[in-house]
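Have a look at the structure below before the remarks.
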Amino acid sequence: LDGEKRALELPNRGPLRFTDSGELHPEIVEAWSEYGFYVLEGVIGPEELADIERDLKGILDRLPVGKGSLVDNNGRPALGTECEGPNLFWSKPLGDPFGGTNLASGRHPVKMFEPMPAESAPTEVVYLILGVLQFSDACLRLYGHPQLLAAAASLNGANFVPFNEAMFIKKPGLGASVAWHQDGVIHWDHPDWDHAIHGFTFQVLLYGCTAANAVWVVPGSHRLGKCDLVSLLEANGSERLANAVPYICGAGDVVIHNRQMVHGSFANTSPDWRVSITLGFHRRTSVLGVQGGGLHNVR
């Protein structure tokens with residue numbers, strides 16, 4: 001409750017607004033620049049949300065019956081089985097598959113607490129889908145949302161580069177945690193480093209999110225450079241960071257999320273779903289001559 005209160009007291013939420021010349025409103029840009037995130041309220045309307053939910057149900061229905069299976073519950077070829085790139089990410093229920101491992105360039109150095117799931121829980125669940133545009137026309141249309149693209153152009157320049165799309169599925173009582181991390185891995189020592197060199201994502205909330213199932217962030221941490229997360233958590237004495245706040249959102253809200261922020265999410269022991277569609281954008285100068293780390297692509 002304290003984290004939710006602090007989140008709602010920050011001056012970084014409101015409707016998506018533009019200037020008369022079509023630029024993202026400077027008050028939004030300034031707040032995003034200072035805090036590292038901005039909650040755009042009510043961007044995605046009921047009709048679009050219904051389209052996304054329809055596709056989500058189709059995706060869930062077509063998932064493999066288990067990790068490594070080639071068929072879904074109806075015996076059909078399962079989603080993603082013919083893909084060469086990584087797409088379906090599995091975890092034990094309420095687990096933390098990335099924390100304390102070398103996955104994703106080792107950027108999740110400390111493992112989260114893993115609560116005990118119900119005895120009836122499956123052995124593993126899909127909690128993340130990369131390349132989701134190939135499985136959902138509604139998400140493809142979402143990535144091309146003209147107002148979101150206009151906002152991306154304001155933040156990253158007219159020659160911005162889309163780079164990744166994903167869907168996080170945090171089922172009630174099953175959804176995995178994502179250990180504290182910063183997304184950027186390439187440019188920390190860049191001579192022209194600044195607070196936004198690693199780009200941003202739009203996080204679109206299908207059902208909204210609460211303090212119990214949301215992403216938590218440390219406001220302003222995108223300006224601190226590469227943080228020593230192990231030391232931060234040891235100093236705090238727990239997996240929770242005292243100055244972190246949750247994203248508190250309604251259905252159809254969109255968070256502009258700076259990828260350099262310290263952020264993470266806890267296992268979803270709440271009764272509520274969280275489904276986030278993540279749409280990434282870089283500056284063109286941040287990708288020229290750069291090879292990705294391999295998480296979102298096959299080298």
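Would you tally the residues in region 1-36 being free of Cβ contacts under 8 Å to residues at least 24 places away in the same chain and in a loop (DSSP other than H, G, I, E, B)?
6
Looking at region 168-184, which of the residues that are touching a His at 6+ places or on another chain (Cβ under 8 Å) and either acidic (Asp, Glu) or assigned to a loop (DSSP other than H, G, I, E, B) (or both) is nearest to LEU56 (Cα to Cα)? Let's see the steps before the verdict.
Restricting attention to region 168-184, the residues satisfying the condition of being touching a His at 6+ places or on another chain (Cβ under 8 Å) are 178-184.
So of that shortlist, the ones also either acidic (Asp, Glu) or assigned to a loop (DSSP other than H, G, I, E, B) (or both) come out as 182-184.
Working: GLN182: 27, ASP183: 25, GLY184: 28 Å.
Once the filter is applied, the top-ranked residue is ASP183.
Looking at ALA104, ALA152, can you tell me which residue is of a type in the set (Gly, Ala, Ser), modelled with pLDDT under 95, under 20 Å from the mean Cα position of the chain (by Cα) and closer than 29 Å to GLY225 by Cα? Before the answer, list the steps.
Numbers: ALA152 fails: modelled with pLDDT under 95.
ALA104 is the lone residue from the list that is of a type in the set (Gly, Ala, Ser), modelled with pLDDT under 95, under 20 Å from the mean Cα position of the chain (by Cα) and closer than 29 Å to GLY225 by Cα.
If ILE277 satisfies all but one of (1) of a type outside the set (D, E, K, R); (2) closer than 26 Å to THR101 by Cβ; (3) in contact (Cβ under 8 Å) with a residue 12 or more places away in the chain; (4) outside any strand (DSSP E or B), what's the number of the condition it fails?
Only one criterion is unmet by ILE277, namely (4).
Would you call ARG223 within 24 Å of ALA152 (Cβ to Cβ), charged (D, E, K, R) and exposed (fewer than 15 other Cβ atoms within 10 Å of the Cβ)?
On the way: within 24 Å of ALA152 (Cβ to Cβ): yes; charged (D, E, K, R): yes; exposed (fewer than 15 other Cβ atoms within 10 Å of the Cβ): no.
In short, no.
Within region 165-185, which residues are within 13 Å of the chain's Cα centre (by Cα), surrounded by fewer than 23 Cβ atoms within 10 Å (Cβ to Cβ) and either without any contact (Cβ under 8 Å) to a residue 40 or more places away in the chain or closer than 26 Å to GLU47 by Cβ (or both)?
Within region 165-185, ALA166, PHE168 meet the criteria.
Among all residue pairs at least 6 apart or on different chains, which show Cβ distances below 8 Å where the first residue, located in region 54-78, is free of Cβ contacts under 8 Å to residues at least 24 places away in the same chain and part of a loop (DSSP other than H, G, I, E, B) and the second is of a type in the set (S, T, N, Q) and surrounded by 13 or more Cβ atoms within 10 Å (Cβ to Cβ)?
VAL65/ASN73; LEU70/THR81
With respect to PHE113, is the statement that it is under 25 Å from ILE186 (Cβ atoms), surrounded by 13 or more Cβ atoms within 10 Å (Cβ to Cβ) and not basic (Lys, Arg) true? Reasoning before the result, please.
Numbers: under 25 Å from ILE186 (Cβ atoms): no; surrounded by 13 or more Cβ atoms within 10 Å (Cβ to Cβ): yes; not basic (Lys, Arg): yes.
So PHE113 does not fit the description; no.
Looking at region 191-246, which of its residues are hydrophobic (A, V, I, L, M, F, W, C) and assigned to a strand (DSSP E or B)?
Restricting attention to region 191-246, the residues satisfying the condition of being hydrophobic (A, V, I, L, M, F, W, C) are 193, 196-197, 200, 202, 204-206, 209, 211-212, 214-218, 224, 227, 229-230, 232-233, 235, 241-242, 244-245.
Across region 191-246, the qualifying residues are PHE200, PHE202, VAL204, LEU205, CYS209, VAL215, TRP216, VAL217, VAL245.
Among residues belonging to region 43-53 that are exposed (fewer than 14 other Cβ atoms within 10 Å of the Cβ) and touching a residue at least 60 places away in the same chain (Cβ under 8 Å), point out the one that is farthest from HIS195 (Cα to Cα). I'd like the intermediate steps shown before the answer.
Within region 43-53, the first condition is being exposed (fewer than 14 other Cβ atoms within 10 Å of the Cβ), and the residues that meet it are 45-47, 50.
Still in the list and also touching a residue at least 60 places away in the same chain (Cβ under 8 Å): 45-46.
On the way: GLY45: 31, PRO46: 34 Å.
Here the residue is PRO46.
Considering (1) touching a residue at least 12 places away in the same chain (Cβ under 8 Å); (2) exposed (fewer than 13 other Cβ atoms within 10 Å of the Cβ); (3) of a type in the set (D, E, K, R), say which one GLU82 fails and leave the rest.
Result: GLU82 fails condition (1) only.
Restrict the check to region 151-165 and report whether at least one residue is in a helix (DSSP H, G or I), of a type in the set (Val, Ile, Thr) and over 18 Å from ALA267 (Cα atoms).
Just the residues of region 151-165 that are in a helix (DSSP H, G or I), to begin with: 151-156.
Filter once more, keeping what is of a type in the set (Val, Ile, Thr): none.
Looking through region 151-165, none of the residues is in a helix (DSSP H, G or I), of a type in the set (Val, Ile, Thr) and over 18 Å from ALA267 (Cα atoms).
If I filter region 118-128 for residues that are of a type in the set (A, V, I, L, M), touching a helix residue (DSSP H, G or I) at 6+ places or on another chain (Cβ under 9 Å) and buried (at least 17 other Cβ atoms within 10 Å of the Cβ), do I get at least one hit? If you could, list the steps in order and put the result at the bottom.
So the first thing to find is which residues in region 118-128 are of a type in the set (A, V, I, L, M), and the list is 118, 121, 125-126, 128.
With the extra rule that they be touching a helix residue (DSSP H, G or I) at 6+ places or on another chain (Cβ under 9 Å), the set shrinks to 126.
Still in the running and buried (at least 17 other Cβ atoms within 10 Å of the Cβ): 126.
Yes: region 118-128 contains one or more residues that are of a type in the set (A, V, I, L, M), touching a helix residue (DSSP H, G or I) at 6+ places or on another chain (Cβ under 9 Å) and buried (at least 17 other Cβ atoms within 10 Å of the Cβ).
Condition (residue is within 18 Å of ASP61 (Cβ to Cβ), free of Cβ contacts under 8 Å to residues at least 60 places away in the same chain and either out of contact with any strand residue (DSSP E or B) (no Cβ under 8 Å at 6 or more places or on another chain) or surrounded by 16 or more Cβ atoms within 10 Å (Cβ to Cβ) (or both)) applied to region 133-153: is it met by at least one residue?
Here is the first cut: in region 133-153, the residues within 18 Å of ASP61 (Cβ to Cβ) are 134-139.
Next cut, free of Cβ contacts under 8 Å to residues at least 60 places away in the same chain only: 134.
Now restrict to residues that are either out of contact with any strand residue (DSSP E or B) (no Cβ under 8 Å at 6 or more places or on another chain) or surrounded by 16 or more Cβ atoms within 10 Å (Cβ to Cβ) (or both): 134.
Among the residues of region 133-153, at least one is within 18 Å of ASP61 (Cβ to Cβ), free of Cβ contacts under 8 Å to residues at least 60 places away in the same chain and either out of contact with any strand residue (DSSP E or B) (no Cβ under 8 Å at 6 or more places or on another chain) or surrounded by 16 or more Cβ atoms within 10 Å (Cβ to Cβ) (or both), which makes the answer yes.
The values are calculated or read from the model by the stated rules, or taken from the named source; none is laboratory data. Since we're looking at a predicted model, the values are computed, not measured. Glycine also receives a Cβ, built like all others from the backbone with ideal geometry; neighbour counts cover every protein chain displayed.
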